[in-house]
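The values are calculated or read from the model by the stated rules, or taken from the named source; none is laboratory data. Keep in mind the model is a prediction, meaning the values are calculated, not measured. Positions of Cβ are generated from backbone atoms using ideal geometry, with glycine treated the same way; all protein chains shown enter the neighbour counts.
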Amino acid sequence: MNDRLPARLRELLDASPDDVRLAEVALLLTEAQRPGVDVEEQLGRLDDIARAVSERLPPDADAVQTVLAINQHIFHEMGFSGAGADYYDPRNSFLDEVLRSKRGIPITLAILYIDVGRQLGLDLYGIAFPGHFLVRCEMDDGVVIIDPYGGGATLDREDLQSRLRETRNGEVADNTLDEMLVPASPRDVAARMLRNLKAIHLRAKHYDLALPILDWLVEIVPDDAVELRDRGRVFEHLECFRAAVGDYARYLEQVPDADDNDAIRSRVVDLQRAAARLN
């Protein structure tokens, strides 16, 4: 994986959600980790899916008819579905693999859905909802929230509140819920995809694979000190003690009141001693 963001990806991250093909963002992230992926070829596969749905729609199809046609073609005829027991397979985070296997996690299935739907004229946006990435569809009579991981099911406010209760252990105010339903920026989407991969690699203790992911996260979301702390922990596991101390020090500087600061300061002292012994 390259140490620096590709110029094209950097350009897309700073653009408006209306102007960015999220599938390209996802595929550029994939290409950086798995050289040889042909981004244009994979985008062409998405074009083919959209074309197949378009051919079954009447010329005057409205948004509801289009959503139903997408659901029928993608989930019922093509067989796309959630990864299920293989949820933590990193391949489910790579859009080219999802297009091949027809199995994905919420964010990759949402990106597929958004790409196809936008080509058919729908106003679709990703939503970085806690625990489960969703799709927002703007219609003439309001907003509909779609769950591609659930086969294109639509979710009402009660459904969304229920999901939030599961992640937050309590009721969430309506205005807070509304704030969570705003369109995700391309940067938000890229960070969410990378965090999924980070969690998978850390869960498997594949620290060498997690490190380049964290390098990108530190660059993409520089204000999120948690990524600095997590990279410090990875450096520590890889016995790169000076690099770990550097990230921990930056973390302490950015969030001086964090709950784990005392533990991090203790780690810094221990790592400085370990680094000194290496001299």
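Okay, residues lined up against (1) buried (at least 19 other Cβ atoms within 10 Å of the Cβ); (2) over 18 Å from the mean Cα position of the chain (by Cα); (3) in a strand (DSSP E or B):
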| residue | (1), (2), (3) |
| --- | --- |
| Gly117 | yes, yes, no |
| Gly126 | yes, no, yes |
| Gly131 | no, no, no |
| Cys137 | yes, yes, yes |
| Val143 | no, yes, yes |
| Thr154 | no, yes, yes |
| Glu158 | no, yes, no |
| Asn175 | no, yes, no |
For this session: Assess whether Gly121 counts as being within 21 Å of Arg21 (Cβ to Cβ), among the small types (Gly, Ala, Ser) and either touching a strand residue (DSSP E or B) at 6+ places or on another chain (Cβ under 6 Å) or in a strand (DSSP E or B) (or both).
Result: no
For this session: Of the conditions (1) touching a Phe, Trp or Tyr at 6+ places or on another chain (Cβ under 6 Å); (2) over 24 Å from Arg10 (Cα atoms), Pro183 clears all except one; give me its number.
Result: (2)
Seminar exercise, completed: Flagged in segment 62-121 as under 15 Å from Val25 (Cα atoms), aromatic (Phe, Trp, Tyr) and out of contact with any Ser or Thr (no Cβ under 6 Å at 6 or more places or on another chain), in numbering order, are Tyr113
Problem set entry | Residues being surrounded by fewer than 20 Cβ atoms within 10 Å (Cβ to Cβ) and closer than 14 Å to Ala52 by Cα - total across segment 98-115 | 0
Problem set entry | Condition met for Val269 (surrounded by fewer than 15 Cβ atoms within 10 Å (Cβ to Cβ), β-branched (Val, Ile, Thr) and over 15 Å from the mean Cα position of the chain (by Cα)) | yes
Exercise. Name the pairs: first residue in segment 16-30 and of a type in the set (Ser, Thr, Tyr), second residue modelled with pLDDT under 95, Cβ to Cβ under 6 Å, at least 6 apart or on different chains?
Worked result: Thr30/Val37
